[in-house]
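Below is one structure, written out as structure tokens, with a few remarks after it.
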Amino acid sequence: MTPPFTTAEVHLRRMADLLDEARQDASDAVPPESLLLGLQRLVPCDCACFSELDVPTRIHVNEQETPYDDWGDVGGDATLEGYWRWRHQHLQCVEVARVHTSPQVTQMTDFMSLRELMRLPIYTEHLRPFKCIAAVALPTAPGRTRVYQFFRKDPKPFNDHEMTTLGLLAPHLYALYQEAALRRRSPVRLTRRELDVLRCVARGMSTPQIAEQLVVSTSTVRKHLENAFNRLGVSSRVAAVARVFPEAEAV
């Protein structure tokens, strides 16, 4: 007679099933749409989201979220203005935006106590009523954030079991993101010089810095960018980098 599975074995099986379901997800979303709902089942929370932001331009590049009925109660501002105004107080987000070469798992209490958080405008104007936030930040280009977030109104922090679950899943979430991005991306032929310029853009370099790096004029850099934009069907540096280099290692 086969012995019954332990609680830990059942949980590991659920994690494996979540990853298998995402790999079979036929949607063209990046990451696969099934991931967020599955993650919310594994790590219970009021809502979960995936977002990509370009910090210098404040462009919201990509967003997914699970259903949540009370967004009207969140913060004092329904837009991201409260976030940008007080972002420097959101130490978790500041850490997420740092350049890192592997997925990073954190929660808000790693950076400040709940009492400290609730005294800050970032809470009253943007985060309220969520008191606990866990995050899995994926590697991306400088000046960008690419992160899964899990929000709870309950003041009790995410426990060790939940954070370990996210830590074990993190490299697989990154791999799934890369696979989904590559599937969605149709091949576009860029010249070697256009790719060189976009690699510099992905590293956060300005037009003069790129010109110096490649030993060309700034007008030549701008012409390469214009040609690349036309080939890619985009209108900004952020969109071009996201189109050509969805995975951080490529740059």
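For the range 9-17, state whether one or more residues are under 22 Å from the mean Cα position of the chain (by Cα), under 25 Å from V61 (Cα atoms) and either of a type in the set (S, T, Y) or open to solvent by 20 Å² or more (accessible area, probe 1.4 Å) (or both).
Within the range 9-17, not a single residue is under 22 Å from the mean Cα position of the chain (by Cα), under 25 Å from V61 (Cα atoms) and either of a type in the set (S, T, Y) or open to solvent by 20 Å² or more (accessible area, probe 1.4 Å) (or both).
Which of the numbered conditions does M163 fail, given that it passes all the others? Conditions: (1) in contact (Cβ under 8 Å) with a residue 60 or more places away in the chain; (2) closer than 20 Å to M15 by Cα.
Going through the list (1) in contact (Cβ under 8 Å) with a residue 60 or more places away in the chain; (2) closer than 20 Å to M15 by Cα, M163 breaks only (1).
State which residue is farthest from D69 (Cα to Cα) when the search covers only the range 121-137 and only residues that are among the β-branched types (V, I, T) and either part of a helix (DSSP H, G or I) or open to solvent by 50 Å² or more (accessible area, probe 1.4 Å) (or both).
Of everything passing the filter in the range 121-137, I122 is farthest from D69 (Cα to Cα).
Could you tell me whether the range 88-104 includes any residue that is open to solvent by 30 Å² or more (accessible area, probe 1.4 Å), modelled with pLDDT of 95 or more and under 21 Å from C45 (Cβ atoms)?
Yes, the range 88-104 contains a residue that is open to solvent by 30 Å² or more (accessible area, probe 1.4 Å), modelled with pLDDT of 95 or more and under 21 Å from C45 (Cβ atoms).
Mind counting the residues in the range 78-118 that are under 13 Å from the mean Cα position of the chain (by Cα) and of a type in the set (G, A, S)?
2
Which of (1) touching a residue at least 60 places away in the same chain (Cβ under 8 Å); (2) open to solvent by less than 40 Å² (accessible area, probe 1.4 Å) does P56 not meet, given it meets every other one?
(2)
Looking at the range 138-174, which of its residues are farther than 15 Å from A48 by Cα, open to solvent by 60 Å² or more (accessible area, probe 1.4 Å) and assigned to a loop (DSSP other than H, G, I, E, B)?
P155, K156, N159
Pull up the range 203-238, narrow it to residues that are assigned to a loop (DSSP other than H, G, I, E, B) and β-branched (V, I, T), then point me to the one that is most open to solvent (accessible area, probe 1.4 Å).
Ranking the qualifying residues of the range 203-238, first place goes to V215.
If I go through the range 25-59 residue by residue, how many of them are modelled with pLDDT under 90 and in a loop (DSSP other than H, G, I, E, B)?
13
Please go through the range 40-53 and give me each residue that is open to solvent by 40 Å² or more (accessible area, probe 1.4 Å) and more than 19 Å from P157 (Cβ to Cβ), ordered by number.
R41, the sole residue that qualifies.
Restricting attention to the range 137-166, which residues are more than 19 Å from the chain's Cα centre (by Cα) and of a type in the set (K, R)?
Within the range 137-166, K153, K156 qualify.
The values are calculated or read from the model by the stated rules, or taken from the named source; none is laboratory data. Just so it is clear, the model here is predicted, and its values are computed rather than measured. Counting neighbours? That spans all protein chains shown, and the Cβs are built from the backbone with ideal geometry, glycine included. Surface accessibility is based on the protein's heavy atoms, side chains included, excluding ligands, DNA and RNA. Shrake-Rupley method; radii C 1.70, N 1.55, O 1.52, S 1.80 Å.
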